[in-house]
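Readers should treat all values here as calculations from the given coordinates under stated rules, not as data from a laboratory. Just so you know, these numbers come straight off a predicted model, no measurement behind them. Cβ sites come from the backbone with ideal geometry, for glycine too, and all protein chains shown count toward neighbours.
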Amino acid sequence: MAQTTAHQAPPVQHAVRPAEAKAPARARRWRAVTPWLFLAAPLVLLGVFTYAPVANMIAYSFTDWDGISPELHYTGVENYTELFTRPALFQVFFVSAYYLAASVVQIVLALYFATILSFDIRFRNLFKGLLFFPYLINGVAIGFVFLYFFQDGGTLDTVLGLFGAGGHRAWLGTAESANSSMAGVSVWRYLGLNFVLFLGAIQSIPGELYEAAELDGANRWQQFRHIIAPSIRPILSLTVILSISGSLSAFEIPYIMTGGATGTETFVIQTVKLAFQFNKTGLASAAAIVLLLIILGVTWVQRRLVPDEKVDLV
Amino acid sequence: MVHIRIRTRTTTFAGALVATALLTAACTGSGGSAKGADAKAPTDPKKVSGTITVLTHKTDLVQDGTMKRYADEFNKIYPKVTVKFDAITDYEGEVKIRMNTENYGDVLMIPGVIPKADYPRFFASLGTEAERSKKYRFTAFTTVGGKTYGQSPMGSIPGFTYNKKVWSQAGITKWPTTPAEFLADLKQIKTKTASIPYYTNFKDMWPMTAWTFANGSLSCDVQANNKLTTTDPWAKNGGELRTVDTLLYDIVHDGYAEKDPTTTAWEASKTKLAKGQIATMWLGSWATVQMQGAAKSVGTNPDDIGFMPFPAQVDGKYCPVTSPDYNQAVNIHSAHKEAARAWIDWFTDKSGYADSQLTISPLKSAPLPAILKPYEDAGVKFIELDQTKGAQVNAIDNESEIGLNKPDYRQDLVDIARGAKKQSLESFFADLSKRWTAAQKSAGQ
C-alpha cells in the first residue's frame, strides 16, 4: 500500500503546470490510481489488524510459546496432534447446540417482525427502534444486566411473580438452564441485527408487486410465501451462515455471566483459558486455527447445499 | 528481539502467510536479555533522581489519593524522584501483555502468570536471598538462583472471615479444630440463626482459589509446597488438598452454602457479612479491613468481624501459612533503577502500608496486626512455606491444566456438591490425581 501512495502526485505541482498534451495521460493515470486510493485505508487496516495477527497466530500454533517468555521453540504439528488426541476439548461444542437452536428461533422471529413492520402499521418506527435497540448495547453491559435479571429472586423471578408463577429459581444453576438462559440472552441481543437486515431486503421489493398480488386476491401469507421469501433469499442464507459461525464461537455472554462454569464453557472460552490461564499460547493458537477451519468448512458446505441464486422478481 | 518482531509484523501481510509467519516466530526466539542486572539501593537519597512509573492493581488507593500521599512522604527523603502511578483494573491480563515489550513501568507487581524461572529476564535483582531474608519476610517467593527479584509490601494468612455476633448467637464460643467440628458449627448456625452459614463467592471466581492457601496448615510442614512436585495432593491417604477440598464439598453438599452460587456478588457480600446475613467466608486476613469498612458504612459494629484459621491442628496448634501479596519488582529495562529500588525499599520499610491494611508486615521485626491478636492468644504457629520448587509446581500446574490458583476446578467441585454436575467426588478426585501425577512426569523436571 505504501507504494501506491507514493505514486500520488503532489497537488501543488498539479495546479501550477499547464494542462496541455500531457493531461490525458495523467488523467488516465489518475483514473487508474483513484480506486486504489480509496481502497488504501481499509486494506491497510485489514492487513494490520486482521491478516498480520492471523499470520502471527498461525506461527504461534507451531510453537510451544507460553505467551510471556521471549523464548519459544518450534514444535511442528505437536499442538495439532495434541488437540485431536484430546476429544474432551471438542465436547464443548455441545454447548453450541443451545446457541444454534436459539438462532433458529431468532431468525424466525426476526423474519416475522420484519415482515409485519414492512407493512404500514401504527407505531411502526417505534417498534423498529425497540427491536434494534438491544444490538446497540455493549455486550459486557448486557452480561451484567442479565446477571441481575437471572439472579435467584431477581428481575425474572419478580416478573414471573406478577403472573402468579413466583418463587425463587437458580436460572444459571444447572448446565441446561444456564445454557438455555444465555442462549435466550443472545436471541434478545442479536434479534435486532437480523431484523434490520431482513427489513432492508424486504423494503427493496417494489411496491407494485404487492398491489398486483392483492388485485389477484393473494392474502398476506401468500404474499410472504411467493414474493417476500424468494426475494430475500440471499440475505436469509447470509444470516444462517452468520448464525452458525456465531453459535460455534459464542463467547462474551457466557464468559461474563458464568466464566464457563457449570457446563457453559464454549470453545472460545476454553481457548482463552488455555492461553491466559495455563500459559499454553501455542496450543490455544492451534485451537483457534481449528475453529477457523471448522467455520470455513461449515460455510463451504452450506454454500454448496444452498447455492447463491440470482433473484429476479420483475 | 521485540523490535525485530514488530518490524516484521508491519512489513508482512497478504502473500505467503505461513512462510512469513514462521519467520516472525523465529525472530521472537532470538536475542539476548540483560541477565543478572541489579537494582542497587542508592547510597545518597538526595542525589538519586528521575521519574518512575509504578504499575499497581490498587486502583482504589490511586483514585482516593492515598498513593499520592505515599509519594509525597517518599519525596521528603528522595526529593529528586518523581513517582507516577499507573492503576490497572485488569492487572494480570494487561501487564502480562505489556511485558512483551520493554515498557512495563519502572516498578511493578509481578503478575502471577509469569513463570518464576523467567524472573531474571524481566526484573532487576534486589540482592541475594541470604542477605535480604535477614530483614524481610517472603523473600523465598521471588528468589531464583539465590537472587531475590521482588518484595511484597504486605503479607497475609488465609482464614475464615466470620461474623462473631452470628457465631455466638448460635452458641459457639470456641474455634473448631477439625473439619467435622466446623461442619457441626455451620449446622448450628443454620438451625439457630437466620444467616447463611457459608458464602462461596462462586461467581466472582477468585475467592474459590483461596482454598489452596490452606495447603500446609494441615500438616504444619514447611515443605508442603515442594511436596506437590513429588506427591499426589488428592491421594486417599494424606493428600492435603483432598482434605481441604472435601471440606468445601461437604459445606455445599450439606446445604450450608448460599442457594444459588452462580449469581453471587463480591461487593454485596461484604455488606451481608457485616449485617450478619452471611456468617462465614473463606478469604484472607487482608479482607478484614474491607469487611470492617462495610460494617462502618451500614452502621454495624466493625469489631464483630472476626478471623479464624482452617480447622486443623497439629499437636494442639493451628498452623496458618503466611504468604506475600503481589511482589514489587524493578523492570530490568528501567532507566532509573536506583530510584525504582528506592521506592520499593521505602514502601516496604517506612510507608506503613501493611499496617494500614491490617496485614502482616514484610519486616521480620514488626509486630502482628491487631486483628491477629486472638491468634497469638490461641498459641497459633505461623509457618512460611519453603518455595524452592515453586517454579516446578507452577509448571506441573499449567501442564495438568488443573489450576491450583485458578477457580475452575473448585467451581466444578461445588457444582458436583450441589448436584448441578453429575459426578461422584471420588471420581473427581481420581481424575485430578491422574492429571497431576501425569504432569509431574512430563513437566516436573
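Miscellaneous remarks
- For segment A:122-179, the gyration tensor built on C-alpha atoms gives an oblate shape. Its axis ratio a/c (a ≥ b ≥ c) is at least 1.5, and a/b is not larger than b/c.
- Ratio of the Cα radius of gyration of segment B:323-445 to 2.2 N^0.38 Å, where N counts its residues: 1.50
- Across peptide A:170-183, the mean count of Cβ atoms from other chains lying within 10 Å of each residue's own Cβ comes to 3.
- Histogrammed with a bin width of 10 Å, the alpha carbon distances of segment B:325-389 distribute as 17, 38, 31, 11, 3 percent, first bin at zero.
- Using a Förster distance of 30 Å, the FRET efficiency for residue A:241-residue A:34 (Cβ separation, nearest 0.05): 0.35
- Mean projected area (nm²) of the alpha-carbon convex hull when segment B:68-195 is viewed from all directions: 13.1
- A Stokes-Einstein calculation at 37 °C with viscosity 0.692 mPa s, built on the Kirkwood radius of segment A:230-314 over Cα pairs, returns a diffusion coefficient of 221 µm²/s.
- GNM on chain A, alpha-carbon springs under 10 angstrom: the most fluctuating residue among A:68, A:228, A:241 is A:68.
- Each Lys and Arg adds +1 at its Cβ and each Asp and Glu adds -1 at its Cβ; summed about the Cα centre, chain B shows a dipole of about 600 debye.
- Each listed q (0.13, 0.17, 0.23 Å⁻¹) maps to a log10 I(q)/I(0) for segment B:185-298 from the Debye sum over equal C-alpha point scatterers, namely -0.58, -0.90, -1.28.
- Ellipsoid semi-axes for the protein assembly as shown, based on the Cα gyration tensor and the rule √(5λ), read 51, 38, 25 Å when sorted largest first.
- Residue among A:248, A:191, A:117 with the largest mean-square fluctuation in a Gaussian network model of chain A, springs linking Cα atoms under 10 Å: A:117
- The orientation-averaged projected area of the convex hull spanned by the Cα atoms of chain B comes to 23.9 nm².
- Per-selection Rg to Rh, segment A:209-253 - Cα, Kirkwood hydrodynamic radius: 1.29
- Diffusion constant of segment B:47-102 at 37 °C, which comes from Stokes-Einstein with the Kirkwood Cα-pair radius and 0.692 mPa s, µm²/s: 266
- Equivalent-ellipsoid semi-axes for segment A:63-192 (Cα gyration tensor, √(5λ), whole Å, largest first): 39, 22, 16.
- Kyte-Doolittle at least -1.0, axis length at least 18 Å by Cα - qualifying DSSP helices, chain A: A:23-46, A:93-118, A:124-136, A:175-203, A:233-248, A:281-305
- Mean ellipticity per residue at 222 nm, deg cm²/dmol - from DSSP H runs of n ≥ 4 across the protein assembly as shown, formula -39500 (n - 2.57): -15500 deg cm²/dmol
- For segment B:136-206, the Kirkwood radius over C-alpha pairs fed into Stokes-Einstein at 20 °C and 1.002 mPa s yields D = 139 µm² per second.
- Gaussian network model of chain B, Cα within-10 Å springs - most flexible of B:289, B:113, B:252: B:113
- Taking only the C-alpha atoms of chain A, the Rg (one decimal) and the largest Cα-Cα distance, Dmax (whole number), read 25.9, 86 Å.
- Between the Cα long axis of helix B:425-443 and the first principal axis of chain B there is an angle of about 20°, rounded to the nearest 10.
- The value for segment A:108-252 of Rg(Cα) / (2.2 N^0.38 Å) is 1.29.
- Rounded to the nearest 10 degrees, the angle from helix B:390-400 to the longest Cα principal axis of chain B is 70 degrees.
- Cα-Cα separations in segment B:221-376 greater than 29 Å, expressed as whole percent: 38
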